[in-house]
Amino acid sequence: MHTITRLISIADAAVARLTRLGVILALVVLFVLLMARVIARTTEIPFAAYDEIVELATVWMTLLGTVALWREGALFKVEIVTGAFPAFGRLAEIVVQALMLAFALMLVIVGGRFTLDSNELTSFMQIDMRLYYGAIPVTGVFMACYSLAGLVRAGCTLARSGTAGSAERPLTKPAVGTHL
Amino acid sequence: MSVFVIMSSLVSLILIGTPIAIALGLMAAGTMWWAAGPDLLGIFIQRFYTGMTSFSLLAIPFFILAGNLMNTGGMTNRIFSTAEVFVGRVRGGLSHVNVVGSILFAGMSGSAVADCAGLGVVEVRAMRNAGYRPGYAAAITAASSTIGPVVPPSIPFVIYGSLANVSVGALFLAGILPGILMGVSMMVVIALTARSKGLPRLEHRPSLAEGTRTILNALPALIMPVFVVGGLLLGWVTPTEAAVIAAAYAAFIGIVVYRELKISDLPEVLWASGRQSVQVLFIMAAAAPFSWVLVQQQIPNAIVEAMLGVSENPVVILLMINLVLLLLGMFIEGIAIMVICMPMLLPVVTQIGVDPVHFGVIVVLNLMIGLITPPVGLCLYTVSQVAEVDLFEIIKEIWIYLIALLTVLLLITFFPGLVMWVPALFGF
């Protein structure tokens with residue numbers, strides 16, 4: 001049991017590091033390519049081909065970042081009701097985790113089928129579109145794992161009916177680092 | 001499936017604490033399955049992918065990055081000092097400085113939260129040291145931060161432009177006058193209440209030489225809007241490219257000119273910016289199949305018929321929309337409101353002949369007011385956290401600024417010219 005727990009925490013740390021690195025790398029790639037695009041326009045060098053890399057970086061940045069937020073439980077949500085009624089919140093947490101698991105599994109199954117069925121290549125650089133669409137099922141697997149863990153955790157919390165969890169949250173906790 | 005079933009299910013999912021993107025995605029997938037079985041779910045993935053890769057939305061990470069670089073790179077302090085030179089001497093001067101600082105910051109960043117979390121810390125600290133009540137200082141900081149996303153550049157305008165298929169450049173221009181009006185209305189309130197609240201004056205009056213030095217020191221930061229808005233107006237860059245240039249410029253100024261941003265700070269700034277951006281981009285990805293489902297179910301048509309059944313007067317309809325958005329803004333975060341409501345409200349306003357650019361500014365101002373209304377006011381919480389001021393102290397002081405902002409909202413609703421004049425000058 002101890003070994004399994006240890007392996008899980010090593011895998012979790014690896015996912016945290018990988019997603020962080022992936023997001024930073026994708027953002028840097030986007031920054032460089034979009035700056036180059038502006039410069040290329042002034043020098044009239046054709047640059048359309050690199051838009052395909054921009055799209056690739058955007059997809060992976062968004063989905064790897066989503067895995068990171070999913071892992072931290074930091075996806076934007078409204079906690080006004082669950083915060084005001086902690087007992088209901090503990091029950092709702094199970095439903096929410098189950099819904100998130102269903103969503104993640106849909107990304108894995110439907111997204112996986114969509115990716116495998118795709119036989120397109122990008123027009124300029126001839127990149128296999130499976131590298132693009134594949135981000136959906138691949139990241140979906142991680143999301144599903146974290147939701148499964150969340151579901152188990154929420155179930156245990158409810159079973160214990162302890163004081164931990166949403167009872168300790170402030171009345172309405174906004175998500176970290178929102179953008180407006 | 002009826003409007004009622006879809007919307008009530010969505011709201012229920014959101015209220016039990018389902019992340020907004022997941023709620024949108026599940027509603028879209030569920031409706032697709034209900035309408036045509038599991039085969040239609042392929043379209044979900046297609047739309048989800050398209051929603052994620054919209055080029056115009058790529059402006060969001062870079063405007064967020066620019067804001068974070070400005071806060072880390074020393075621009076924020078200099079903006080505050082410059083505002084102090086201009087309006088610091090009158091009674092309640094630091095309150096005016098707070099508002100002017102936010103207008104200047106707004107010209108560089110498109111985020112109210114970036115204003116609260118960066119400039120807000122400097123402002124509240126300075127006001128506290130000068131003898132202002134912490135609740136008052138935090139309230140004016142939260143209220144003035146709402147100017148950020150109305151004055152260009154603006155992240156909500158980028159999102160609205162993408163949802164409504166409207167020129168982001170036109171929206172940026174349309175926000176200039178209402179943004180200035182927001183600032184003026186708050187400064188009028190400050191001037192009217194300064195004596196009764198016993199607000200202090202600044203003891204130190206900077207000399208002409210000191211003032212000039214301060215402004216010159218801040219000049220590299222102050223000319224940033226020239227690159228962003230100027231480049232857009234001249235047609236040299238798209239909004240996304242303008243955002244990238246803004247981020248590059250902020251990094252350059254922070255590292256080379258002010259030397260307050262270290263290379264070693266960059267990974268953390270990039271990670272924070274990427275993380276904040278993904279929160280929006282994931283919602284936008286899930287909103288794309290949801291919008292498709294709404295159109296397939298002819299829900300916008302039903303909303304148009306229902307609203308036109310109440311009145312066909314554009315002003316009445318706009319007032320009704322304002323009321324709905326203000327109420328939603330009290331409980332739900334702004335971008336979620338935008339992605340849920342715009343596919344339904346845009347056909348209504350188009351039908352009554354309201355310009356989508358005018359409507360965009362109305363929507364964004366409504367959402368900004370939502371940022372400072374309890375119980376779910378993101379700027380209230382941000383200021384409360386970063387300035388360590390009790391939330392209820394802020395709420396007690398903020399109501400008068402809410403009235404000022406509501407007045408501006410009514411003005412721009414009744415007088416479209418206040419919004420459309422600047423875009424018209426530039427041929428939009």
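The residues of region A:26-58 that are at pLDDT 90 or above and in contact with a Leu (Cβ under 9 Å, 6 or more places away or on another chain), listed by number, are A:Ala26, A:Leu27, A:Val28, A:Val29, A:Leu30, A:Phe31, A:Leu34, A:Ile53, A:Val54, A:Leu56, A:Ala57, A:Thr58. Looking only at residues of region A:58-88 that are more than 7 Å from chain B (Cβ to nearest Cβ) and not hydrophobic (A, V, I, L, M, F, W, C), we find that the one that is farthest from the chain's Cα centre (by Cα) is A:Pro86.
Look at region A:121-139: where a residue is of a type in the set (Asp, Glu), no partner that is surrounded by 16 or more Cβ atoms within 10 Å (Cβ to Cβ) and modelled with pLDDT under 95 sits 6+ places away or on another chain with Cβ atoms under 6 Å. Summed over region B:137-178, the residues that are touching a helix residue (DSSP H, G or I) at 6+ places or on another chain (Cβ under 7 Å) and closer than 20 Å to B:Ile337 by Cβ give a count of 25.
Listed by first and then second residue, the pairs linking a residue in region B:33-53 that is free of Cβ contacts under 8 Å to residues at least 60 places away in the same chain to a residue that is not charged (D, E, K, R) and not in a helix (DSSP H, G or I), with Cβ atoms under 8 Å apart and 6 or more places separating them unless they lie on different chains, are B:Trp34/B:Met1. Tallying residues that are outside any helix (DSSP H, G or I) and more than 9 Å from chain A (Cβ to nearest Cβ) within region B:366-391 yields 5. Being surrounded by 15 or more Cβ atoms within 10 Å (Cβ to Cβ) and assigned to a helix (DSSP H, G or I) is true of B:Gly231.
Among all residues of region B:309-318, there is none that is within 11 Å of chain A (Cβ to nearest Cβ) and either hydroxyl-bearing (Ser, Thr, Tyr) or part of a helix (DSSP H, G or I) (or both). Note on region B:245-270: residues that are surrounded by fewer than 19 Cβ atoms within 10 Å (Cβ to Cβ) and either facing another protein chain (nearest Cβ under 7 Å) or of a type in the set (Asp, Glu) (or both) total 4. Among the residues of region B:10-47, those that are at the interface with chain A (Cβ under 7 Å from one of its Cβ atoms), within 18 Å of A:Met143 (Cα to Cα) and part of a helix (DSSP H, G or I) comprise B:Ile20, B:Ala21, B:Ile22, B:Gly25, B:Leu26, B:Ala29, B:Phe44, B:Ile45.
Checking the stated criteria, A:Leu33 turns out not to satisfy the condition of being part of a helix (DSSP H, G or I), touching a helix residue (DSSP H, G or I) at 6+ places or on another chain (Cβ under 6 Å) and closer than 20 Å to B:Gly51 by Cβ. Within region B:104-125, residues that are closer than 18 Å to B:Leu171 by Cα and within 13 Å of another protein chain (Cβ to nearest Cβ) sit with their Cβ atoms under 7 Å from residues that are in a helix (DSSP H, G or I) and polar (S, T, N, Q), at 6+ positions apart or across chains, in these pairs: B:Ala112/B:Ser145. Among the conditions (1) under 19 Å from B:Trp421 (Cα atoms); (2) surrounded by 16 or more Cβ atoms within 10 Å (Cβ to Cβ), the only one that B:Val184 does not satisfy is (2).
Note on region B:153-175: residues that are within 13 Å of the chain's Cα centre (by Cα) and assigned to a helix (DSSP H, G or I) amount to 9.
Residue-by-condition table, conditions (1) buried (at least 24 other Cβ atoms within 10 Å of the Cβ); (2) under 24 Å from B:Gln279 (Cα atoms):
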site: B:Val122; (1), (2): no, no
site: B:Met127; (1), (2): yes, no
site: B:Gly131; (1), (2): no, no
site: B:Ile140; (1), (2): yes, no
site: B:Ile147; (1), (2): yes, yes
site: B:Pro156; (1), (2): yes, yes
site: B:Leu177; (1), (2): no, no
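Could you list, in sequence order, all residues of region B:178-226 that are of a type in the set (Gly, Ala, Ser), part of a helix (DSSP H, G or I) and within 26 Å of B:Glu260 (Cβ to Cβ)? Scanning region B:178-226 gives B:Ala209, B:Gly211, B:Ala218, B:Ala221. In region A:99-123, the residue that is nearest to B:Leu13 (Cα to Cα) out of those that are of a type outside the set (Asp, Glu) and surrounded by fewer than 14 Cβ atoms within 10 Å (Cβ to Cβ) is A:Leu116.
Suppose we filter B:Glu333, B:Glu312 for residues that are in contact (Cβ under 8 Å) with a residue 60 or more places away in the chain and either surrounded by fewer than 19 Cβ atoms within 10 Å (Cβ to Cβ) or over 22 Å from B:Ile299 (Cα atoms) (or both); which single one remains?
One residue alone meets the criteria, B:Glu333.
A residue that is buried (at least 19 other Cβ atoms within 10 Å of the Cβ), under 27 Å from B:Glu393 (Cα atoms) and within 14 Å of chain A (Cβ to nearest Cβ) can be found somewhere in region B:65-79.
The values are calculated or read from the model by the stated rules, or taken from the named source; none is laboratory data. The model shown is predicted, which means the values in this text are computed figures rather than measured ones. No Cβ is skipped: glycine too gets one built from the backbone with ideal geometry, and neighbour counts run over all protein chains shown.
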